[in-house]
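Working notes, beginning with the structure itself.
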Amino acid sequence: MAAPKFDNPIVRWIDYRLPVFTFMHHEMHEYPTPKNLNYWWNFGSLAGFMLIVLIVTGIVLAMNYTPHVDHAFDSVERIRRDVPFGWLVQFIHMNGASFFFIVVYIHIFRGIYYGSYKSPREILWILGVVIMLLMMATAFMGYVLPWGQMSFWGATVITNLFSAIPLVGEHIVSWLWGGFAVDNPTLNRFYSLHYLLPFVIVGVVVLHVVALHTHGSNNPLGIELRGKQDSIPFHPYYTVKDFFGLGLFLTIFCLFVFFAPDYLGHPDNYVPANPLVTPPHIVPEWYFLPFYAILRAIPDKLLGVVAMFAAIAVLFILPWLDRSPVRSARFRPIYKQVFWLLVIDCLVLGYIGAKPAEGWYIHIGRLATVYYFAHFLVILPLLSVFERPRPLPLSIGEPVLGGGGPSPPGGGSAGAMERA
Amino acid sequence: MRNRLIGAALAAVRGLAVLPGAASAAGDGPQPPEREWSFNGIFGTFDRAALQRGYQVYREVCAACHSMRLLYYRNLMQIGLSEAAAKVEAANAFIVDGPDSEGEMFERPGKLSDRFVSPFPNDNAAKAANGGALPPDLSLMAKNQAGGPDYIAAVLTGYADPPEGMEMSDTQSYNMYYSGHRIAMPPPLSDDLVEYADGTPATVDQMAVDVSHFLMFAAEPQLEDRHRLGVKVIIFLLVLTGILYALKRKVWSAVH
């Protein structure tokens, strides 16, 4: 990489001493990006954007929030009612968490569909799963801070899960609580960690991006770049495409913030926490519902907790469960179908997680749980052996330049999204 | 008490382990009927006349038992009262303030910067005066009940005779929309219970709708700001996104 020539003398002066402009030129301009990325590739930058939005609004909220069991609920209401534009900042933060998860879940399913976790991007994928875990911890603790009924009882239920660990479980739980129940020390430490973890996420995101830029983006065909004609510079092509996607995303996000700010929340969290009154249904935030359904599907507390964590842990070893050399589902006729079954399965789990554990819901929940693990632990390894993938195109340029060449059999909704 | 807390928490966790019939759905009443509210929709605003009538119902009926601790008397200017009228409302309340320079607590008339005075000094006093049941604070009632203002209006108008065979104790009333149907609040409204200043006939339904309207305001006084700003933001974003799409097409035209 030859150092680029800058016209502006001040830029030259700075860059000679601190090569930030060379770095940006290298990572944005020279960085070769496949020319065929579709709109599903927008969600990575959207996730980065949401992380920044949450950190900025969170810092402002922290200036006005009081982490004490007697004042937390009222301080959040004070932010909504009396702090200038506090309602806006609070609703952005509250709905921002939900939309961060929407974006990240789509980002993850995109990676699963196009085999983005395969060699040489295994560490990139694993760092992504680490980010998701950190997000979950952060979101969980953030939900406790307003100290409403669901905050309190959600915290009680989830922290109590650790008591399932043999021998040391009870000790771990009182260590987490800082006492013998969810109380002021719990609120204080959750607040502290809720402020800390987002910056840890930023650190892992940096590693995620470094790993990404080492081998570049995967692409909808899942094949390597075969030369200059297959790639375009990230800037301006993908910056402008990301900005357009951002505009679309922000429009939808703002519809929720301004016109349905409580739609994704639970009414019970507008009741101040009361340790003596248990709500009839304790449900977590919607983005935890699939995992909550897995937890409840197993009639043993310890095994339920193990299964819930295993549901995430299985993602860590995904690159080694799916041994098929073909990345993109476009060329894997059976995998493409089981992918959509997995999506449906996760939606079913989410639905079951929101329902009371009774009647048919239990059976459906158990079936969906079994299928979730079967997808990763049975179906994927078997498909790696028995599936006959379709022939891959020689290069990204081929189907585009060839005009009449074999069109990628990528139908369905993924193909419909494609414009690039 | 700590032990009881842990016990309750453990019971909640055990509830997670799936046992058929362990949990039962709480919403066993009929769905509250959906009503037309002026604050619904993206251009929705509060109806000032309804808010003032609703405040009158709150002050003359509900406030006998229910607190509204998150509202200030200054909020009354947002429902259309003049500053002078809001000051009069505040001054009608007696605020315990202090200690003064002698170390004594004293009573003074309320100011705009005071919160609504609660009918009882604390929860235990409220329970003692209400047969053991605690009248909930109404500040966020329109947000913390599924159905919001529809639900409040439905409960206020949902009193009926209990069905055959349902035993009610002296302190309970039957309500079609209340979860479990046994509500500790006796029917609070009856026709012409208040006399509206604007001459609106004070039927039970009218009062229920008005006070629900006011409770929505109490739960989110900044709702109108939210809608107003939201419309502008969405228009801006639509235009911006359109421009960005045109820009994207232009930049990419060389690649396609």
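For every residue, the table says whether it meets (1) on the phi > 0 side of the Ramachandran plot; (2) at pLDDT 95 or above; (3) assigned to a loop (DSSP other than H, G, I, E, B).
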{"residue": "B:Ala126", "(1), (2), (3)": "no, yes, no"}
{"residue": "B:Ser139", "(1), (2), (3)": "no, yes, yes"}
{"residue": "B:Ala142", "(1), (2), (3)": "no, yes, no"}
{"residue": "B:Glu167", "(1), (2), (3)": "no, no, yes"}
{"residue": "B:Gly199", "(1), (2), (3)": "yes, no, yes"}
{"residue": "B:Met216", "(1), (2), (3)": "no, yes, no"}
{"residue": "B:Pro221", "(1), (2), (3)": "no, yes, yes"}
{"residue": "B:Glu224", "(1), (2), (3)": "no, yes, no"}
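Give the residues of the stretch A:93-129 that are farther than 22 Å from A:Ala273 by Cα, aliphatic (A, V, I, L, M) and open to solvent by less than 40 Å² (accessible area, probe 1.4 Å), sorted by residue number.
Within the stretch A:93-129, A:Val103, A:Val104, A:Ile108, A:Ile112, A:Leu124, A:Leu127, A:Val129 meet the criteria.
Considering the stretch B:46-60 alone, what residues qualify as being of a type in the set (Gly, Ala, Ser) and open to solvent by 10 Å² or more (accessible area, probe 1.4 Å)? I'd like the intermediate steps shown before the answer.
Filtering the stretch B:46-60 for residues of a type in the set (Gly, Ala, Ser) gives B:49-50, B:54.
The one that is of a type in the set (Gly, Ala, Ser) and open to solvent by 10 Å² or more (accessible area, probe 1.4 Å): B:Ala49.
Say whether the condition of being within 9 Å of chain B (Cβ to nearest Cβ) and not charged (D, E, K, R) is met by at least one residue in the stretch A:202-219.
Checked the stretch A:202-219: no residue is within 9 Å of chain B (Cβ to nearest Cβ) and not charged (D, E, K, R).
Within the set of pairs 6 or more residues apart or between chains, which connect a residue that is under 12 Å from A:Gly148 (Cα atoms) inside the stretch A:53-74 to a residue that is aromatic (Phe, Trp, Tyr) and surrounded by 17 or more Cβ atoms within 10 Å (Cβ to Cβ) with Cβ atoms less than 8 Å apart?
Correct list of pairs: A:Val69/A:Trp147; A:Ala72/A:Tyr65; A:Ala72/A:Trp147; A:Phe73/A:Trp147.
Pick from the stretch B:143-181 the residues that are within 14 Å of chain A (Cβ to nearest Cβ) and among the hydroxyl-bearing types (Ser, Thr, Tyr): which of them is surrounded by the most Cβ atoms within 10 Å (Cβ to Cβ)? Walk me through how you get there before you give the answer.
Taking the stretch B:143-181 and keeping what is within 14 Å of chain A (Cβ to nearest Cβ), we get B:143-152, B:178-180.
Going one step further and asking which of them are among the hydroxyl-bearing types (Ser, Thr, Tyr), we end up with B:151, B:178-179.
On the way: B:Tyr151: 22, B:Tyr178: 18, B:Ser179: 16.
Here the answer is B:Tyr151.
Does at least one position in the stretch A:166-174 carry a residue that is open to solvent by 40 Å² or more (accessible area, probe 1.4 Å), in the same structural domain as A:Ala72 (by TED's automatic domain parsing), hydrophobic (A, V, I, L, M, F, W, C) and not in a helix (DSSP H, G or I)?
Yes; the residues of the stretch A:166-174 include at least one that is open to solvent by 40 Å² or more (accessible area, probe 1.4 Å), in the same structural domain as A:Ala72 (by TED's automatic domain parsing), hydrophobic (A, V, I, L, M, F, W, C) and not in a helix (DSSP H, G or I).
Could you tell me whether any residue of the stretch A:280-288 is within 10 Å of another protein chain (Cβ to nearest Cβ), out of contact with any Ser or Thr (no Cβ under 8 Å at 6 or more places or on another chain) and in a helix (DSSP H, G or I)?
No; the residues of the stretch A:280-288 include none that is within 10 Å of another protein chain (Cβ to nearest Cβ), out of contact with any Ser or Thr (no Cβ under 8 Å at 6 or more places or on another chain) and in a helix (DSSP H, G or I).
Any chance the stretch B:157-175 includes a residue that's touching a helix residue (DSSP H, G or I) at 6+ places or on another chain (Cβ under 8 Å) and hydroxyl-bearing (Ser, Thr, Tyr)?
yes
Search the stretch A:292-307 for residues being open to solvent by 30 Å² or more (accessible area, probe 1.4 Å) and in a helix (DSSP H, G or I), and hand back the single one that is nearest to the other protein chains (Cβ to nearest Cβ). It would help to see each step written out before you state the result.
Here is the first cut: in the stretch A:292-307, the residues open to solvent by 30 Å² or more (accessible area, probe 1.4 Å) are A:298-303, A:306.
Now drop any that are not in a helix (DSSP H, G or I), which leaves A:301-303, A:306.
Numbers: A:Lys301: 6, A:Leu302: 10, A:Leu303: 10, A:Val306: 13 Å.
Among those residues, the one meeting the criterion is A:Lys301.
Test A:Met141 against the stated conditions and say whether it is away from chain B (no Cβ under 13 Å), touching a residue at least 40 places away in the same chain (Cβ under 8 Å) and touching a His at 6+ places or on another chain (Cβ under 8 Å).
It is true that A:Met141 is away from chain B (no Cβ under 13 Å), touching a residue at least 40 places away in the same chain (Cβ under 8 Å) and touching a His at 6+ places or on another chain (Cβ under 8 Å).
Name every residue in the stretch A:222-256 that is more than 9 Å from chain B (Cβ to nearest Cβ) and open to solvent by 40 Å² or more (accessible area, probe 1.4 Å), in order of residue number.
Across the stretch A:222-256, the qualifying residues are A:Glu224, A:Leu225, A:Arg226, A:Lys228, A:Gln229, A:Pro233, A:Phe234, A:His235, A:Ile252, A:Phe256.
Within the stretch B:119-136, can you find the residues that are open to solvent by less than 40 Å² (accessible area, probe 1.4 Å) and either touching a residue at least 40 places away in the same chain (Cβ under 8 Å) or touching a strand residue (DSSP E or B) at 6+ places or on another chain (Cβ under 7 Å) (or both)?
Within the stretch B:119-136, B:Ala126, B:Ala133, B:Pro135 qualify.
The values are calculated or read from the model by the stated rules, or taken from the named source; none is laboratory data. Just so it is clear, the model here is predicted, and its values are computed rather than measured. Note that each Cβ is placed from the backbone with ideal geometry, even for glycine, and that neighbours are counted across all protein chains shown. Remember, those area values only see protein heavy atoms, side chains included, never the ligands or the DNA or RNA. Shrake-Rupley method; radii C 1.70, N 1.55, O 1.52, S 1.80 Å.
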